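Enquirer: Have a look at the structure that comes next, please.
The values are calculated or read from the model by the stated rules, or taken from the named source; none is laboratory data. Being a predicted model, the structure only gives us computed values, none of them experimental. Cβ sites come from the backbone with ideal geometry, for glycine too, and all protein chains shown count toward neighbours.
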Amino acid sequence: MKITYAIGPYPSRRAQGYVIIVDTVGYPRKCPYNCIYCPLPPTQVKTLRPEAMINYEAILSDFKSIIERIGEGVKAILLYGTGDPLLNPWIPMIVDGIKRILRDSGVDAELWCITTGYMLGKEWVRKAVRLMDRVYVKVDAVSKDTFMEINDPISGVSPWKLAEIIKSLVSRGGPIIYVETTLIEYNGMTNADPGCLSEVYAFANMARVERILLRTINRPPRVRGVKPVSKKIIEKALELGEREGLHTEALQPHLNISYCRGVVVDEELLYNYLLRRPMTVVELSRAFSIPVTPITKLVTRLESMRLLERIPWRMGVYYRGVYRRTLF
Ligand code: SF4
């Protein structure tokens, strides 16, 4: 059993198709935020410093191997996973390598990234990011108290400084930039109220970002009391965004796609898959287009090895990979 850094295929509401996740961070989890709605375990290293992480050769070797097996028909390559992908100091080599492998294999997939945005101020990161097709910058709240409560950031960061950084990246010919906002309710507080949303939209206008992607949670959050918002609230948030002159869209709650290529689902694939995204057995069965029974057997075996944890949440039971360094 080994940890792999290019994993998939994942069904994606964002892509309305399948994506491959490239995790440039790995465990221990590193991110400037520790969001209360994050479906992964708490951030272990809260940082803004690019430090030695997974070497680009290991990432590209995994990526080449997965593209050769299942690349055809994949809509996008998503840099994300266990933290902020732009913290990896090898990011220029990783992006170059991904583009080259896609070109050589004739796979027509876009390259996307989800980030907190702070690394976009570094010129060596910007060069790599300019080669991407889309960048989603997470902005859930701008006012200090709500920002602190939702994102639990490393000290010294401020959304307004971030707006300046992004503004200087927006250019013709670069990636499409989105402000991505996850709407939640928690302890009688919500970032979906008009006051909070107006600030996020003002942030987008100040950063000269025209596109907003709204979503709510659909997996068990790190903090149990966090709840998704209703469809009606998302619709109102969309209307408000349009009134502010922004191109505002929302992730659809469901995804109707089918995957027909034979992916060989074994313990290693399933473990790596669930390390990056908790899922139910039914979701896994749909994602791979294979019956529930073989998935259940694999899940049970991984659970007995204590490599998965079971998380009951709302109407389902989710399974999440448990990182155990000593096993590998
Ligand atoms: S949701 Fe994203 S930005 Fe927030 S802690 Fe998790 S990995 Fe970091």
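Enquirer: Taking the condition more than 24 Å from Thr43 (Cβ to Cβ), in contact with a Ser or Thr (Cβ under 8 Å, 6 or more places away or on another chain), touching a residue at least 24 places away in the same chain (Cβ under 8 Å) and of a type outside the set (Ser, Thr, Tyr), does Val299 pass?
Expert: Values: more than 24 Å from Thr43 (Cβ to Cβ): yes; in contact with a Ser or Thr (Cβ under 8 Å, 6 or more places away or on another chain): no; touching a residue at least 24 places away in the same chain (Cβ under 8 Å): yes; of a type outside the set (Ser, Thr, Tyr): yes.
Taking the combined requirement at face value, the residue does not satisfy it.
Enquirer: Looking at (1) modelled with pLDDT of 95 or more; (2) within 20 Å of the chain's Cα centre (by Cα), can you tell me which one Ile166 breaks?
Expert: So Ile166 meets the others, but not (1).
Enquirer: Follow-up. Can you give me the number of residues within region 52-70 that are away from the ligand (no atom under 16 Å from the Cβ) and either under 16 Å from the mean Cα position of the chain (by Cα) or more than 17 Å from Tyr273 (Cβ to Cβ) (or both)? I'd like the intermediate steps shown before the answer.
Expert: First pass over region 52-70, keeping only residues away from the ligand (no atom under 16 Å from the Cβ): 52, 55-70.
Pick out the ones that are also either under 16 Å from the mean Cα position of the chain (by Cα) or more than 17 Å from Tyr273 (Cβ to Cβ) (or both) and you get 52, 55-58, 60-61, 64, 68.
Looking only at that region, the number is 9.
Enquirer: Would you pick out the residues in region 164-193 that are under 18 Å from Thr248 (Cα atoms) and either touching a helix residue (DSSP H, G or I) at 6+ places or on another chain (Cβ under 6 Å) or part of a loop (DSSP other than H, G, I, E, B) (or both)?
Expert: Scanning region 164-193 gives Val170, Pro175, Val179, Thr181, Asn191, Ala192, Asp193.
Enquirer: Also, I was wondering about something else. What pairs can you find where one residue is in region 98-126 and within 14 Å of Val19 (Cβ to Cβ), the other is within 16 Å of the ligand (Cβ to nearest atom) and not in a strand (DSSP E or B), and their Cβ atoms are less than 6 Å apart, with a gap of 6+ or different chains?
Expert: As it stands, the answer is Cys113/Pro85; Ile114/Tyr80, since those pairs meet every condition given.
Enquirer: Here is a further query. Given the conditions (1) touching a Ser or Thr at 6+ places or on another chain (Cβ under 8 Å); (2) surrounded by 13 or more Cβ atoms within 10 Å (Cβ to Cβ), which single one is not true for Pro291?
Expert: Condition (2) is where Pro291 drops out.
Enquirer: While we're on this one: Just to verify a result, which residue in region 94-124, among those that are within 16 Å of the ligand (Cβ to nearest atom) and under 19 Å from Phe63 (Cβ atoms), is nearest to the chain's Cα centre (by Cα)?
Expert: As a first pass, look at region 94-124 and keep what is within 16 Å of the ligand (Cβ to nearest atom): 112-120.
Filter once more, keeping what is under 19 Å from Phe63 (Cβ atoms): 112-115.
Numbers: Trp112: 10, Cys113: 8, Ile114: 5, Thr115: 8 Å.
Checked region 94-124; the qualifying residue nearest to the chain's Cα centre (by Cα) is Ile114.
Enquirer: Here's something else I'd like to know. Among Asp140, Asp145, Asp108, Asp96, which is the only one that is surrounded by fewer than 20 Cβ atoms within 10 Å (Cβ to Cβ), under 22 Å from Thr190 (Cβ atoms) and of a type in the set (Asp, Glu)?
Expert: On the way: Asp140 fails: surrounded by fewer than 20 Cβ atoms within 10 Å (Cβ to Cβ); Asp108 fails: under 22 Å from Thr190 (Cβ atoms); Asp96 fails: under 22 Å from Thr190 (Cβ atoms).
It is Asp145.
Enquirer: May I ask you to list pairs of residues, at least six apart or on different chains, whose Cβ atoms are under 6 Å apart, with the first in region 27-43 being under 13 Å from Pro85 (Cα atoms) and the second being near the ligand (Cβ under 7 Å from one of its atoms) and not in a loop (DSSP other than H, G, I, E, B)?
Expert: What qualifies is Tyr33/Asn151.
Enquirer: Name the residue that is nearest to Asp152 (Cα to Cα), counting only residues in region 199-252 that are assigned to a loop (DSSP other than H, G, I, E, B), touching a residue at least 40 places away in the same chain (Cβ under 8 Å) and more than 16 Å from the ligand (Cβ to nearest atom).
Expert: Among them, the one singled out is Val229.
Enquirer: Still on this structure: Does region 76-93 contain at least one residue that is of a type in the set (Gly, Ala, Ser) and over 22 Å from Ile177 (Cβ atoms)? I'd like the intermediate steps shown before the answer.
Expert: Looking only at region 76-93, we keep the residues that are of a type in the set (Gly, Ala, Ser), and these are 76, 81, 83.
Next cut, over 22 Å from Ile177 (Cβ atoms) only: none.
No, that holds for no residue.
Enquirer: In region 71-91, how many are within 17 Å of the chain's Cα centre (by Cα), more than 14 Å from the ligand (Cβ to nearest atom) and either of a type outside the set (D, E, K, R) or closer than 18 Å to Val157 by Cα (or both)? Full working, then the answer.
Expert: From region 71-91, those within 17 Å of the chain's Cα centre (by Cα) are 74-88, 91; that's our starting set.
Now restrict to residues that are more than 14 Å from the ligand (Cβ to nearest atom): 74-77, 91.
Imposing the further condition that a residue be either of a type outside the set (D, E, K, R) or closer than 18 Å to Val157 by Cα (or both) reduces the set to 74, 76-77, 91.
Qualifying residue count, region 71-91: 4.
Enquirer: Scan region 176-198 for residues that are more than 30 Å from Arg130 (Cβ to Cβ) and more than 16 Å from the ligand (Cβ to nearest atom) and report the count.
Expert: 11
Enquirer: Could I ask something else about it? Out of the residues in region 1-26 that are over 10 Å from Gly81 (Cα atoms) and among the hydroxyl-bearing types (Ser, Thr, Tyr), which is farthest from the ligand (Cβ to nearest atom)? Reasoning before the result, please.
Expert: Within region 1-26, the subset over 10 Å from Gly81 (Cα atoms) is 1-4, 8-20.
Keeping just the survivors that are among the hydroxyl-bearing types (Ser, Thr, Tyr) gives 4, 10, 12, 18.
On the way: Thr4: 19, Tyr10: 15, Ser12: 15, Tyr18: 21 Å.
Of everything passing the filter in region 1-26, Tyr18 is farthest from the ligand (Cβ to nearest atom).
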